[in-house]
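Notes follow the structure.
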Amino acid sequence: MRTFLDKHLQKKRTYKEISDIAGIYPSTLYRWLEGKHYPNVYSLKLICIALERVTGKNRNDLIVDYFNNHVE
């Protein structure tokens, strides 16, 4: 998740801001970033919607990128 967010997130934005926009607890996002847990499909959609709002990238393209490049 960290690689995915770092790839798409603008440098002036923080992980906390993305979690706030997505409506996800920051502690939940940090667990995903540390690889302790992974987001379910609904949570991933919320993250991609938040990224769409701050980056202008299409949420569906972000979801496809996540599954193609960041899922083990």
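The values are calculated or read from the model by the stated rules, or taken from the named source; none is laboratory data. Source: prediction; values computed, not measured. Backbone-built Cβ (ideal geometry, glycine too); neighbour counts: all protein chains shown. Ligands, DNA and RNA are stripped out before the accessible areas are found, and what is left, the full protein with its side chains, is counted by its heavy atoms. Shrake-Rupley method; radii C 1.70, N 1.55, O 1.52, S 1.80 Å.
Quote to one decimal, in nm, the extra length available between residue 10 and residue 41 on full extension: 0.36 nm per residue of separation minus the C-alpha distance between them. Working shown, then result.
Working: separation 31, 0.36 × 31 = 11.16 nm, distance 2.29 nm.
Gain on extension, residue 10 to residue 41, equals 8.9 nm.
Using the C-alpha gyration tensor of the chain, what are the square roots of 5 times its eigenvalues, in whole angstrom, with the largest one first?
15, 15, 11
Just give me a number: lysine pairs in the chain, eight or more positions apart or cross-chain, with C-alpha atoms less than 17 Å apart.
Summing the qualifying lysine pairs gives 7.
Rounded to the nearest whole Å², what accessible area per residue is found for the chain with the 1.4 Å probe?
That works out to 64 Å² per residue.
At a 1.4 Å probe radius, which order do 41, 71 fall into by accessible area, largest first?
Descending order: 41, 71.
How large, in percent, is the carbon and sulfur part of the accessible surface of the chain at a probe radius of 1.4 Å?
C and S atoms contribute 50 percent here.
Calculate the dipole size of the chain relative to its Cα centre from +1 charges on Lys and Arg beta carbons and -1 charges on Asp and Glu beta carbons; express the result in debye to the nearest 20.
200 debye
Which net charge results when you count Lys and Arg as +1 and Asp and Glu as -1 among the other residues whose beta-carbon is under 15 Å from that of residue 38?
Once all neighbours under 15 Å are counted, the net charge is +2.
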